[in-house]
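Heads up, the thing below is written out as structure tokens.
The values are calculated or read from the model by the stated rules, or taken from the named source; none is laboratory data. Just so it is clear, the structure is predicted and the values come from calculations on it, not from any experiment. We place every Cβ from the backbone using ideal geometry, glycine too, and count neighbours over all the protein chains shown. Heads up: the accessible areas ignore ligands, DNA and RNA and are worked out on the full protein's heavy atoms, side chains in. Shrake-Rupley method; radii C 1.70, N 1.55, O 1.52, S 1.80 Å.
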Amino acid sequence: MASIKDVAAEAGVSVATVSRVLNDHPSVSAEARTRVLAAVETLGYRPNAVARSLRTDQTRTLGLVISDVMNPYFTELARSVEEEARALGYSVIIGNADERPDLQDHHVTTLLDRRIDGLLVSPTDGGSPRMLDAARAGTPMVFVDRWIPGVDVPVVRSDGRGAVRDLVAHLHGLGHRRLAIIAGPAATTTGRERVDAFREALGAHGLELPAAYTGQGDFQAESGRRATEGFLDLPEPPEVVFAADNLMALGALDAVRARGLRVPDDLALAAFDDIPWFVHTDPPVTAIAQPTGELGRAAVRALVDRIEGRPGESVTLPARLVVRRSCGENPAGSPAGERAGNPAENAVEDLAENPLTNRSQS
């Protein structure tokens with residue numbers, strides 16, 4: 001492997017000149033710069049990032065701690081973060097907290113020990129001590145998707161309240177009156193916000209959310225299955241289950257099918273966090289889609305601003321309702337609340353927008 005001395009010898013310049021070229025120092029002549037870059041190309045020289053970080057106090061590396069890498073939403077978020085970081089000249093190291101505060105702290109500690117320049121975090125279960133200490137110590141940090149009230153860190157997230165209102169209006173227009181929700185953890189901002197938005201939207205139509213129609217989940221499929229089984233065991237089961245994330249929606253679907261029932265004939269289903277798979281289920285699932293790709297890109301830009309001494313700004317983007325056929329939608333009609341157009345055509349449109357050929361959900 002070529003060294004910086006080899007490059008200097010090949011270019012006929014000093015090691016110091018090579019170093020200045022590689023660090024884009026303005027004092028190097030154009031002719032010397034050309035010779036050095038040609039030598040770098042000829043020898044296939046790659047600078048030692050660790051050694052450079054010791055000199056510059058920067059590693060050009062970002063840390064990303066996500067709540068659950070198995071959740072397709074966070075997988076897509078991580079992909080957009082990596083793409084935007086690469087475009088800005090940064091690499092990304094990812095840690096999966098698996099919805100556990102202790103694992104979140106482990107990843108935060110490991111990343112800081114590796115001298116990353118800044119952290120992107122989707123806080124799990126209201127945060128964790130090491131992460132909170134890092135934020136309060138001034139580590140460049142941005143919260144993405146979830147946040148912790150009272151911690152002075154920019155937040156990049158989507159606002160789902162309008163989309164939840166659209167969903168409830170859509171369900172009301174379809175004639176549904178008994179609506180239940182599988183909630184996420186109350187310790188997370190997204191868990192609380194989605195329940196509050198759902199309850200408020202029901203109230204706008206004169207509907208209530210009984211305690212029996214509120215199932216407690218943890219953003220995992222198994223909790224969605226258990227909550228839905230509880231709903232189905234009620235003397236008067238709900239007509240619709242709204243799962244506050246995609247994995248819990250898949251668990252709900254499993255519970256319905258395990259009893260030999262059908263969606264939407266026996267129980268309608270809607271979800272927060274649209275995913276490409278939802279257009280392939282039978283029936284395709286009506287869902288609220290977050291602008292996942294843009295959230296990831298905006299979070300990286302906000303973090304890089306903080307790293308480079310500029311104020312990182314919080315960003316809030318709207319989510320949107322995507323109507324398919326899991327709530328008893330009429331393929332030939334467009335009840336109030338759904339987006340314009342034939343729902344069957346919308347499902348085809350979403351297939352072109354969302355899944356395997358184009359994974360962006362924004």
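Key figures
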{"quantity": "Residues within segment 35-45 that are closer than 14 Å to SER14 by Cα and open to solvent by 50 Å² or more (accessible area, probe 1.4 Å), tallied", "calculated": "2"}
{"quantity": "Some residue of segment 130-151 being without any contact (Cβ under 8 Å) to a residue 40 or more places away in the chain, within 29 Å of ARG199 (Cα to Cα) and open to solvent by 60 Å² or more (accessible area, probe 1.4 Å)", "calculated": "yes"}
{"quantity": "Residue list for segment 97-108, restricted to those being part of a helix (DSSP H, G or I) and open to solvent by 50 Å² or more (accessible area, probe 1.4 Å)", "calculated": "ASP102, HIS106"}
{"quantity": "Residues of segment 21-53 satisfying the condition of being within 39 Å of the chain's Cα centre (by Cα), at pLDDT below 80 and not small (Gly, Ala, Ser)", "calculated": "LEU22, ASN23, ASP24, HIS25, TYR45, ARG46, PRO47, ASN48, VAL50, ARG52"}
{"quantity": "The one condition in (1) open to solvent by 10 Å² or more (accessible area, probe 1.4 Å); (2) assigned to a helix (DSSP H, G or I); (3) in contact (Cβ under 8 Å) with a residue 12 or more places away in the chain that ILE94 fails to fulfil", "calculated": "(2)"}
{"quantity": "Filter pass, GLY260 being without any contact (Cβ under 8 Å) to a residue 12 or more places away in the chain and out of contact with any Leu (no Cβ under 8 Å at 6 or more places or on another chain)", "calculated": "yes"}
{"quantity": "The lone exception for ALA244 - which of (1) under 16 Å from the mean Cα position of the chain (by Cα); (2) open to solvent by 10 Å² or more (accessible area, probe 1.4 Å) it fails", "calculated": "(2)"}
{"quantity": "Test set (1) modelled with pLDDT under 95; (2) basic (Lys, Arg); (3) closer than 23 Å to LEU250 by Cα - ARG324 fails condition number", "calculated": "(1)"}
